[in-house]
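Note sheet for the following structure.
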Amino acid sequence: MEIEEFCRKYTVDRKNTNSEKWDTGIEKRFKTEGLIPMWVADMEFKAPDEVIDALNKRISHGVFGYTHLWESYFDAFFNWQKTRYNIDLKKEWILFSSGLVTALYLIVNAFTNKDDSIIVLTPVYYPFHNAVKDNERNLITCDLKNDNGIFTIDFEKLENEIIKNKVKLIIFCNPHNPVGRVWTNEEIERVLEISKKHNLYIVFDEIHQDINMGVRPFISALSIKNKNDYIDKLIVLNSASKTFNLASLLNSHVIIPNEDIRKIYKKFVSKVNRTEFNLLGLIAAESAYKYGSDWLDGLLKTIKRNYEYIRDEFLNKVPEIIISPLEGTYLPFFDLRNMVSKDRVKEFIQDDCKIAIDFGEWFGKNFKGFIRVNIATDFKYIEYFVDKTIKQLKNKNYK
């Protein structure tokens, strides 16, 4: 699907729809009226027509009683993962959660104890931090190396932190939110090697797997060349929710290949939570996996267009601002520090530009002066973001 058709058919106004991003959440989080929301990682695009049709068909039935999983769901999910990413899944590996963050909280409790150390590679999605700290574990952060906006893993530092802090669990993000990296096979395998060497549990958050700008193929921890060497303590999280804008339908996958590890997780979950399946979430995800390829093609072209427009305009007019290359996700990461003092980012982007974004320090204590921007939105907001920020940077000194 081409950009023009995708935007015409699927762009939608979300104001006054009880949206976390547009209505209730923005007021609570930013305490400022009139902001253009480019923060929460969902989109201003409707789900594929086939998904909406499938939901309408079930809704018209009028009964929303208890349900169970059905074979065609697994067929659709497995086919999507196999044909796109060469991932071979088994049904017994697949457990379900209302969301990846919920799953993270359960995993932290199932596989670690109070005061155990858990490591994350920062800057990273801030619920990783919360899942550790809220459960009274010791959060260890290992900053990625930053070379003019290109982020890589400092493997020596990672291993040293693991040894020094007696780390029990790694939480890893691929594609990485917010730096936009789609990690290579070699990088993934090195992380897994270190994890195995030190007998760690490792969680891969792969929820952004489908949002790929084409720089390199996405490689799952479940499909790397030597995957069988590393699956004993591996947990992979994914969902159709990020790809197809289905977050409120509460359907995500917890993939645990090792039977013993799976039993530990299930035993803990059985003590604290009876997670029933979300009927509409299952229906939506199955339909998306079956029929969503053309829609996704249009989405990816749209995101790439939005990113390249921002990148080129900034490069031409305010080259001092560093934008990390966007390999995956729809959430580019901006380093403002050459033009904006760390302590004046809010003044610049929120007070003067009237835009709600995610601040860099939310992702890691050493990233004040950065911002994350959601570009999966109507192009008019992309133009507003570019025009307003560049104008402010040229007209006012924020240093």
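The values are calculated or read from the model by the stated rules, or taken from the named source; none is laboratory data. The structure displayed is predicted, hence computed values, not measured ones. Positions of Cβ are generated from backbone atoms using ideal geometry, with glycine treated the same way; all protein chains shown enter the neighbour counts.
Hey, any hits in the stretch 287-294 for a residue that's of a type in the set (Asp, Glu) and more than 21 Å from the chain's Cα centre (by Cα)? Yes, because at least one residue in the stretch 287-294 is of a type in the set (Asp, Glu) and more than 21 Å from the chain's Cα centre (by Cα).
If we scan the stretch 327-338, do we find a residue that is under 19 Å from Asn177 (Cβ atoms) and among the β-branched types (Val, Ile, Thr)? Yes: one or more hits.
Take Val318 and tell me if it is surrounded by fewer than 23 Cβ atoms within 10 Å (Cβ to Cβ), over 19 Å from Pro178 (Cα atoms), among the hydrophobic types (A, V, I, L, M, F, W, C) and not assigned by TED's automatic domain parsing to the domain that holds Asn148. Yes: the conditions hold for Val318. Regarding Lys267, is this residue among the charged types (D, E, K, R) and free of Cβ contacts under 8 Å to residues at least 40 places away in the same chain? No, not satisfied. If you go through the stretch 123-143 and keep only what is crowded, with 21+ Cβ neighbours inside 10 Å, touching a residue at least 24 places away in the same chain (Cβ under 8 Å) and under 23 Å from Gly328 (Cα atoms), you end up with Pro123, Val124, Tyr125, Phe128.
Let's see how each residue does on (1) within 21 Å of Leu89 (Cα to Cα); (2) in the same structural domain as Asn146 (by TED's automatic domain parsing); (3) surrounded by fewer than 23 Cβ atoms within 10 Å (Cβ to Cβ):
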site	(1), (2), (3)
Val182	no, yes, no
Leu192	yes, yes, no
Lys225	yes, yes, yes
Asp229	yes, yes, yes
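Residues of the stretch 232-250 that are of a type outside the set (D, E, K, R), within 14 Å of Leu100 (Cα to Cα) and either touching a strand residue (DSSP E or B) at 6+ places or on another chain (Cβ under 7 Å) or part of a helix (DSSP H, G or I) (or both): Ile235, Val236, Leu237, Asn238, Ser239, Ser241, Thr243, Ala247, Ser248, Leu249. Collect the residues in the stretch 278-315 that are farther than 26 Å from Asn395 by Cβ, crowded, with 17+ Cβ neighbours inside 10 Å and either modelled with pLDDT under 95 or polar (S, T, N, Q) (or both), keeping them in residue-number order. Hits for the stretch 278-315 are Asn278, Ser287, Thr302. Being charged (D, E, K, R), assigned to a loop (DSSP other than H, G, I, E, B) and surrounded by fewer than 16 Cβ atoms within 10 Å (Cβ to Cβ): is that true of Lys394 here? Judged against the criteria, Lys394 is not a match.
If you go through the stretch 193-203 and keep only what is outside any loop (DSSP other than H, G, I, E, B) and either more than 20 Å from the chain's Cα centre (by Cα) or acidic (Asp, Glu) (or both), you end up with Glu193, Ile194, Ser195, Lys196, Lys197, Tyr201. Across the stretch 348-375, what is the total count of residues that are assigned to a helix (DSSP H, G or I), among the acidic types (Asp, Glu) and farther than 18 Å from Leu393 by Cβ? Going through the stretch 348-375 one residue at a time, the tally reaches 1. Pairs are defined by a Cβ separation below 9 Å, a sequence spacing of at least 6 or placement on different chains, a first member in the stretch 56-67 that is closer than 10 Å to Leu279 by Cβ and surrounded by 10 or more Cβ atoms within 10 Å (Cβ to Cβ), and a second member that is at pLDDT below 90 and not aliphatic (A, V, I, L, M); the pairs so defined are Thr67/Glu276; Thr67/Phe277. Only residues that are assigned to a loop (DSSP other than H, G, I, E, B) and either exposed (fewer than 13 other Cβ atoms within 10 Å of the Cβ) or without any contact (Cβ under 8 Å) to a residue 12 or more places away in the chain (or both) were counted in the stretch 20-55, giving 4.
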